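One structure is given below, encoded as structure tokens.
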Amino acid sequence: MRNELRDAAIVEVRSRIVDACLKQARLPEGMPLDVLINDTLYHEKQRLERDRQSPTRDEDLAFWEGVRSRLGKAGESEQKEILVRVVERFTEEVRGNFTPWVYDMATRFIPRALPALLNAVSPKRLFSRGLPNIAETIAIDGDVDALRRANERGTVILAPTHASNMDSPVIGWALFAMGLPPFTYGAGLNLFTNPVMSFFMRNLGAYRVDRRKTAPLYKDILKEYAAVSLELGQPNLFFPGGTRSRNGQIEEHLKLGLLSCGLRAYVNNLQKRKERPNIYVVTCSINYQLVLEAESLVGDYLRSEGKSRYIMTDDESSKPRKMLQFVQNLINLESRITVKVGDVFDPFGNHVDEAGLSVDSHGRHIDIRKYVTDGEGRPFHMPQRDRVFTRECGDSVAESFKRHNQVLSTNVVAFTAFELLKKRHPELDLYRMLRTGDEGTGLEMRKLTDATAVVVKALQDLARDGEISLDGKSIGNGDAATIVQSALRHFGTYHAHPVLARRGDRAFTEDAQLLYYYSNRLRGYGLERTLRASYGEAA
Amino acid sequence: MAATQKRATVIGGGSWGTALAHLMATAGIDVRLWMRSEERVAEINEQHTNTRYLKDKPIHEGVVATSDLALAAKHAGTLVVAIPSRAFREVAFELGEHVTGDQILLSATKGFEAEHLTRMSQVLREETCVRKVGAISGPNLADEVMAGQPSATVVASPFDEVIAAGAEVLANPTLRVYGNHDVVGVEIFGALKNIIAIAAGACAGLGLGANSLSMLLTRALAEISRFSEALGADRMTALGLAGIGDLIATCSSPLSRNNTLGRRLAAGLSLDEALAEMVKVAEGVNTTYAVCMHAERLGVDMPIARGVHRVLFGGEKVETVIGSLMSRANRFEHSERPIDAPERITGSVIETALAVTAGGRDAGA
């Protein structure tokens, strides 16, 4: 977001938040100002207690100590002054420290920087293959025109699936390649501390989000910042899944907080009689043949889901090793990344047609203003109503994610192999199975290929009905042997242990957790049943 | 004339639709009642009766019937749809041509579409642009409501706005309105209780008493709860008016259609014979068929529904089915584990082995 625009947004957010605080404090059910400030103070103190590494810890402690000592004897007008200071502090953090020249340079630099980072970290590779072509690494697919049109007709919220920290730079490049401006994006503070990531974050026009801050007032500020930027016509990027998918599955349960900003901005636009009031939610899937941080993601998932059942056999990788892995991955990322533009929805979750108008399931136009107007046609906010609308919009988004999930060879083969292992051990629960793996005996290649053929056939049927999408390059004509080969090649190159490795006429599971992780991308399509039915036929 | 007289439209002139329109008119609401048959429109507007469904019961003169769907749709902000489930989608689609997003649609039909278990409020959402939809359900026998006996109903919707609008047109001195956000549970109970009503009618037909009826209702509540929870409903709904409330009313009153059907089946009539004598639709028949199919898919055990299925479609005698239900293994009330089956032990080989020894099952092994 351009600096003038961002400053305008910050000013607007401040005044809205302060006004809202004062207004609610006057209501009988509202929080008096001193209680509100105290509550925020409490949350911040708690955070600072936990978060001892924060670079701004001392500053923060001093600030909040100041708030505490002033608040005790503050009268009404001084409470208001303290509130303003608190809001200013939070908004200042959100804004971050951007400089125009970085922004300008970035738009010119990204297309060259990203392929260099993705492909050419290894000088050897650079010499042997020359400058890499990014278009071969990141494929853009789907209805790109629909996204462009939506961006012209109104303000877009781009809602991608979230699997990796690579998502933001990948989307950043994809937007550039599609000829779209950088989108505003709330990035976790941790991404700003990693120097490589930080570079991309800034170039994306990111604002800073500190996930450790739990104060409701802070969360209100973040949401209002997103809403205001949308109202200013600035397209936004939200990851509705909230965090990266831990188990590799496409997100089903979405975080609706940010999505609700779309509806709020729309109603505000109507109230201000904006010329282009429409907000469009455009879904998109980001699909990786190999995921940068798959190991730690699935490890984290199993730890939190399994509680005591999951036993860590390895320490979390130390920092240098992590960096090494990261670099390793960049080198190997010759593997496919696809970005598929999905559907365009209005903030209520209705489909939007080519003309930018919302349509019902029979293609009939809907006057969506009527969802939020009173008897006299005046638009108004109503939190309970808007929550339901947002939830329904979230349902549309989740369903769209599922349909535009672009299947790559690694997903198909991991899924098939994992199901074959499950069939071998029907009595084991997930955690035992992950520890047992294939017991070192491996899977017969022929069986794996045959079963893969069954899954691919089922996927092709699903894809024909528009229920899933297949990557043309890595799934190709659907020949199972080629797909298995492609997957094994990728599985062998990046991860510490090859997920699945071929020795002789057998494929061995070397990392059952990763196999599980990659297989999960195909859960929820009923493929398990098809595969089980095929066992019956074979027997 | 009051400047802001409340308005409502009822779509569907069957017994429940007519009763609702009558109720609203009694409360001073300017109500339109839509139905396809010109003949019955004329009857309601001129004679103020609906003899096909409500015999000679007088209908409030404020009820204005019409066969013009566009007119009916534009009349009010709140529309109540009371169309039998089989014709529901067709009418909803037609309605979709005339309604706008600020309107509120409430389904008063109990039942769902067999193939995908689509609930009526879902059909309204799928076929129209209206998003503020909900469902009306509860112990509301049309004839008793017409007679002005005190009763209560549930308006379910995720939107508070819809619940408020429903209460505005429905609440009156003889009808209390309760709100519920669990549309899934309310609609599932509304549909599935029809199965139990057939069973209850059959019990009554055999002259069975209060113990049997009570057993039926309680165990039915358990199995419907399992089913609706599998579909995402809230367990508490089972204990409300749309759950146990509706079950008691439908099953203890001989006025209900499904109950009548059950009694005829108990008397030895086949399904076709039993249905032939009835004017009104017994929704329970379709429901039984669909529920048994989906229960299997969802992995939910529904012995009572299966029993009704065997009578309706398998031609089995009611007595035979009751006999086989009674001879099922005795179970724990909530966990469904058979009493004579050992508790499943996980995590300790010693305990697993000991449990088997205690059961005396290791002799041969």
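A few remarks follow.
- Residues that are loosely packed, with under 14 Cβ neighbours inside 10 Å and among the small types (Gly, Ala, Ser) within the range B:25-48 comprise B:Gly28, B:Ser37, B:Ala42, listed in sequence order.
- If the condition is being closer than 24 Å to A:Asp210 by Cβ, open to solvent by 70 Å² or more (accessible area, probe 1.4 Å) and at pLDDT below 90, then the range A:58-98 contributes A:Glu92, A:Asn97.
Every residue, every condition in (1) of a type in the set (Val, Ile, Thr); (2) open to solvent by less than 70 Å² (accessible area, probe 1.4 Å); (3) modelled with pLDDT of 90 or more, yes or no:
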position: A:Asp34; (1), (2), (3): no, yes, yes
position: A:Thr56; (1), (2), (3): yes, yes, no
position: A:Pro100; (1), (2), (3): no, no, no
position: A:Pro111; (1), (2), (3): no, yes, no
position: A:Pro115; (1), (2), (3): no, yes, no
position: A:Phe127; (1), (2), (3): no, no, no
position: A:Gly130; (1), (2), (3): no, yes, no
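- In the range B:301-326, residue surrounded by the fewest Cβ atoms within 10 Å (Cβ to Cβ) [restricted to those that are among the aliphatic types (A, V, I, L, M) and more than 19 Å from the chain's Cα centre (by Cα)]: B:Met326
- Yes/no for A:Ala120 being touching a Pro at 6+ places or on another chain (Cβ under 9 Å), among the small types (Gly, Ala, Ser) and either at pLDDT 85 or above or not assigned by TED's automatic domain parsing to the domain that holds A:Ile468 (or both): yes
- Exactly one residue out of B:Ala329, B:Ala353 is of a type outside the set (Phe, Trp, Tyr), over 22 Å from the mean Cα position of the chain (by Cα) and assigned to a loop (DSSP other than H, G, I, E, B), and it is B:Ala329.
- Verdict on B:Ser214 being within 29 Å of B:Asp301 (Cα to Cα) and within 14 Å of chain A (Cβ to nearest Cβ): no
- Filtering the range B:56-72 to residues that are closer than 16 Å to B:Gly14 by Cα and either in a loop (DSSP other than H, G, I, E, B) or not assigned by TED's automatic domain parsing to the domain that holds B:Asp30 (or both) leaves B:Asp56, B:Lys57, B:Pro58, B:Ile59, B:His60, B:Val63, B:Ser67.
- Test result for A:Phe401, closer than 26 Å to A:Ile468 by Cβ, in a helix (DSSP H, G or I) and either more than 14 Å from chain B (Cβ to nearest Cβ) or in contact with a Phe, Trp or Tyr (Cβ under 9 Å, 6 or more places away or on another chain) (or both): yes
- Single condition A:Asp429 does not satisfy, out of (1) farther than 30 Å from A:Lys223 by Cβ; (2) away from every other protein chain (no Cβ under 14 Å): (2)
- Members of the range A:342-354 found to be outside any strand (DSSP E or B) and either more than 8 Å from chain B (Cβ to nearest Cβ) or at pLDDT below 95 (or both), listed by number: A:Asp346, A:Pro347, A:Gly349, A:Asp353, A:Glu354
- Qualifying helices (runs of 4 or more DSSP H) (wholly inside the range B:112-186; at least 3 residues being away from every other protein chain (no Cβ under 14 Å) and surrounded by fewer than 23 Cβ atoms within 10 Å (Cβ to Cβ)): B:142-146
- Total residues in the range A:169-191, condition within 19 Å of A:Thr338 (Cα to Cα) and in a helix (DSSP H, G or I): 9
- Hits in the range B:71-84 (condition: surrounded by fewer than 24 Cβ atoms within 10 Å (Cβ to Cβ) and either more than 14 Å from chain A (Cβ to nearest Cβ) or on the phi > 0 side of the Ramachandran plot (or both)): B:Leu71, B:Ala72, B:His75, B:Pro84
Per-residue answers, yes or no, for (1) open to solvent by 50 Å² or more (accessible area, probe 1.4 Å); (2) among the aromatic types (Phe, Trp, Tyr); (3) away from chain A (no Cβ under 13 Å); (4) under 21 Å from B:Ala156 (Cβ atoms):
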| position | (1), (2), (3), (4) |
| --- | --- |
| B:Asn50 | no, no, yes, no |
| B:Glu61 | yes, no, yes, no |
| B:Leu69 | no, no, yes, no |
| B:Val91 | no, no, yes, yes |
| B:Glu94 | yes, no, no, no |
| B:Gly101 | no, no, no, yes |
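- Here A:Arg244, A:Arg273, A:Arg264 are screened, and the one residue that is on the phi > 0 side of the Ramachandran plot and open to solvent by 20 Å² or more (accessible area, probe 1.4 Å) is A:Arg273.
- Within the range B:217-241, residues that are over 16 Å from B:Met302 (Cβ atoms) reach partners that are open to solvent by less than 30 Å² (accessible area, probe 1.4 Å) and of a type in the set (D, E, K, R) with beta carbons closer than 8 Å, at six or more positions or on different chains, in the pairs B:Asp234/B:Asp182; B:Met236/B:Asp182; B:Thr237/B:Asp182.
- Residue within the range B:247-266 that is among the β-branched types (Val, Ile, Thr), outside the structural domain of B:Val154 (by TED's automatic domain parsing), loosely packed, with under 12 Cβ neighbours inside 10 Å and closer than 30 Å to B:Val177 by Cα present: no
- Top-ranked residue in the range A:425-453 [being assigned to a helix (DSSP H, G or I) and open to solvent by 40 Å² or more (accessible area, probe 1.4 Å); ranked as nearest to A:Val341 (Cα to Cα)]: A:Ala453
- Pairs are defined by a Cβ separation below 6 Å, a sequence spacing of at least 6 or placement on different chains, a first member in the range A:220-246 that is under 11 Å from A:Tyr185 (Cα atoms) and of a type in the set (A, V, I, L, M, F, W, C), and a second member that is in a loop (DSSP other than H, G, I, E, B) and open to solvent by 10 Å² or more (accessible area, probe 1.4 Å); the pairs so defined are A:Phe239/A:His162.
- Every residue from the range B:226-244 that is open to solvent by 20 Å² or more (accessible area, probe 1.4 Å) and of a type outside the set (A, V, I, L, M, F, W, C): B:Arg226, B:Glu229, B:Gly232, B:Asp234, B:Arg235, B:Gly240
- Scope the range B:87-102; condition within 19 Å of B:Gly13 (Cβ to Cβ), touching a strand residue (DSSP E or B) at 6+ places or on another chain (Cβ under 8 Å) and not aliphatic (A, V, I, L, M); matching residues: B:Phe88, B:Arg89
- Residue that is nearest to the other protein chains (Cβ to nearest Cβ), among those in the range A:355-389 that are surrounded by fewer than 11 Cβ atoms within 10 Å (Cβ to Cβ) and on the phi > 0 side of the Ramachandran plot: A:Gly377
- Number of the condition not met by A:Gly363 [criteria: (1) in a helix (DSSP H, G or I); (2) without any contact (Cβ under 8 Å) to a residue 12 or more places away in the chain]: (1)
- Some residue of the range A:483-493 being assigned to a loop (DSSP other than H, G, I, E, B) and within 24 Å of A:Ser534 (Cα to Cα): no
- Close pairs (9 angstrom Cβ cut-off, 6 or more residues apart or separate chains): over 18 Å from A:Ala453 (Cα atoms) and modelled with pLDDT of 85 or more in the range A:475-500, among the basic types (Lys, Arg) and buried (at least 22 other Cβ atoms within 10 Å of the Cβ) anywhere: A:His490/A:Arg336
- Qualifying positions in the range B:274-304 - at pLDDT 85 or above, more than 22 Å from B:Glu229 (Cβ to Cβ) and small (Gly, Ala, Ser): B:Ala274
The values are calculated or read from the model by the stated rules, or taken from the named source; none is laboratory data. Owing to the predicted nature of the structure, the values given are computational and were not obtained by experimental measurement. Note that we place each Cβ from the backbone using ideal geometry, even for glycine, and neighbour counts take in every protein chain shown. For accessibility, only protein heavy atoms count, side chains too; no ligands or nucleic acids. Shrake-Rupley method; radii C 1.70, N 1.55, O 1.52, S 1.80 Å.
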